[in-house]
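K.L.:
To start, I am sharing the structure in question, which I have written as structure tokens.
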């Protein structure tokens, strides 16, 4: 039996019966609420940490769907590993990497997709629709296929071909929209209102952040319920950051943890409305009209939940970090070359942000720092084209000898 009770407005606190996308009183965002007092009595560390389910659904009591409506591909409980080589070069003893690109479709979006499509089943919807730059489209398409409902996706015309191929393979009907991500949102919202489809956008569906909050659950469990000093999150819509924040708050409410890690919002220079506001001490998110960055998953120029993300970061004592495309590229190359982890630029932004924390003296050498790696690099491999310039040489002869002569054997 789960502890989900209702949706509640994040601004005016109104409890909402049934399902809506926003508060009927003030139009603000809604969040799922739980009977945390009952959860505190029912849950303790031993059974939670010893459950056999090795997916995010090991925390099913703190997720909204009823058990019979869960639509899952085994998402979640991704590895948390220590980065000795990169961490050592930064002077950090505790740099940890959360490998969330190991989810079924290759991104952390699978967590939110699983919850939202489970709720589509519970609420009786037969069609799903969303706008996305790629990863969310792939995720919602996959889980819609798993449930057996139709899926319609609207993507900006710069979306990676690999992500569109993936969505199409799952049977989704995709539409390229001229313009920015905001234009794709307008098109998807129009379709939702006209046809009554279930909207799975990560900015406005109230169940979207329930999946990402399990990232916090897992990090804390994998660290034996000791809160790290920092959790570093690449931010586009802010759903991942808000989910992690909500997960931490719920764990504190039921007595699973005492402290709270500081959250770091990392955004690229070409699209940093939330991080810029944080660094300037502003409460206002200034929209970016023409986002430009290699981190296409973070190209959300006008994040609807930007103010909530700012509040979450500040509440934890966190900061905003702004990184250049060059820093993102170098972080991605370093993760691949030194740790064997091939992630997309949007994910590499988290390591770039961690390095900035160290360079600015914000983080101490003894801090435990967790970088969330959100998406696999295979979907955006053209972003690393400069790394794949491989010469073609004959199978034997002087050219081969010359090439091999540059290699020096190493012993460990």
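The values are calculated or read from the model by the stated rules, or taken from the named source; none is laboratory data. Here the structure is a predicted model, which is why all the values come from computation and not from measurement. Neighbour counts are summed over all protein chains in view; Cβ atoms, including those assigned to glycine, are modelled from backbone coordinates with ideal geometry.
K.L.:
Quick one: count up the residues across the stretch 370-390 that are in contact with a helix residue (DSSP H, G or I) (Cβ under 7 Å, 6 or more places away or on another chain) and either more than 16 Å from residue 100 (Cβ to Cβ) or modelled with pLDDT under 70 (or both).
P.N.:
3
K.L.:
Next question. Quick one: is residue 361 modelled with pLDDT of 80 or more, out of contact with any helix residue (DSSP H, G or I) (no Cβ under 9 Å at 6 or more places or on another chain), within 23 Å of residue 80 (Cα to Cα) and surrounded by fewer than 23 Cβ atoms within 10 Å (Cβ to Cβ)?
P.N.:
no
K.L.:
What residue, among those in the stretch 317-338 that are surrounded by fewer than 19 Cβ atoms within 10 Å (Cβ to Cβ) and touching a strand residue (DSSP E or B) at 6+ places or on another chain (Cβ under 7 Å), is nearest to residue 88 (Cα to Cα)?
P.N.:
325
K.L.:
Name every residue in the stretch 57-88 that is closer than 19 Å to residue 99 by Cα, in a loop (DSSP other than H, G, I, E, B) and in contact with a strand residue (DSSP E or B) (Cβ under 7 Å, 6 or more places away or on another chain), in order of residue number.
P.N.:
The answer is 78, 79, 83.
K.L.:
Let me ask something else. Which members of the stretch 15-27 meet the condition of being surrounded by 15 or more Cβ atoms within 10 Å (Cβ to Cβ) and either modelled with pLDDT under 95 or touching a strand residue (DSSP E or B) at 6+ places or on another chain (Cβ under 6 Å) (or both)?
P.N.:
16, 23
K.L.:
For the stretch 156-203, name all the residues that are in contact with a helix residue (DSSP H, G or I) (Cβ under 6 Å, 6 or more places away or on another chain), on the phi < 0 side of the Ramachandran plot and not in a helix (DSSP H, G or I).
P.N.:
Across the stretch 156-203, the qualifying residues are 156, 160, 170, 172, 174, 177, 198, 199, 200, 202.
K.L.:
In addition: What's the number of the only condition in (1) touching a residue at least 60 places away in the same chain (Cβ under 8 Å); (2) outside any loop (DSSP other than H, G, I, E, B); (3) surrounded by 19 or more Cβ atoms within 10 Å (Cβ to Cβ) that residue 146 fails to meet?
P.N.:
In the conditions (1) touching a residue at least 60 places away in the same chain (Cβ under 8 Å); (2) outside any loop (DSSP other than H, G, I, E, B); (3) surrounded by 19 or more Cβ atoms within 10 Å (Cβ to Cβ), residue 146 misses (3) alone.
K.L.:
Please identify the pairs in which a residue from the stretch 259-281 that is modelled with pLDDT under 95 has its Cβ atom under 7 Å from the Cβ atom of a residue that is assigned to a helix (DSSP H, G or I), counting only partners at least 6 apart or on another chain.
P.N.:
What qualifies is 260/248; 260/252.
K.L.:
Right, here's the next one. Quick one: which residue in 114, 139, 118 is under 24 Å from residue 31 (Cα atoms), touching a residue at least 60 places away in the same chain (Cβ under 8 Å), under 19 Å from the mean Cα position of the chain (by Cα) and buried (at least 20 other Cβ atoms within 10 Å of the Cβ)?
P.N.:
The conditions single out 114.
K.L.:
For the stretch 214-225: of the residues being in contact with a helix residue (DSSP H, G or I) (Cβ under 8 Å, 6 or more places away or on another chain) and without any contact (Cβ under 8 Å) to a residue 40 or more places away in the chain, which is surrounded by the fewest Cβ atoms within 10 Å (Cβ to Cβ)?
P.N.:
The extreme case among them is 220.
K.L.:
Follow-up. Mind telling me which of the residues 349, 333 ends up being under 15 Å from residue 238 (Cα atoms), in contact with a helix residue (DSSP H, G or I) (Cβ under 7 Å, 6 or more places away or on another chain) and in a helix (DSSP H, G or I)?
P.N.:
Just a single option satisfies the conditions, and that option is 349.
K.L.:
Okay, moving on. For the stretch 240-256: of the residues being touching a residue at least 60 places away in the same chain (Cβ under 8 Å), out of contact with any strand residue (DSSP E or B) (no Cβ under 8 Å at 6 or more places or on another chain) and surrounded by fewer than 23 Cβ atoms within 10 Å (Cβ to Cβ), which is nearest to residue 309 (Cα to Cα)?
P.N.:
Applying the filter and picking the extreme gives 253.
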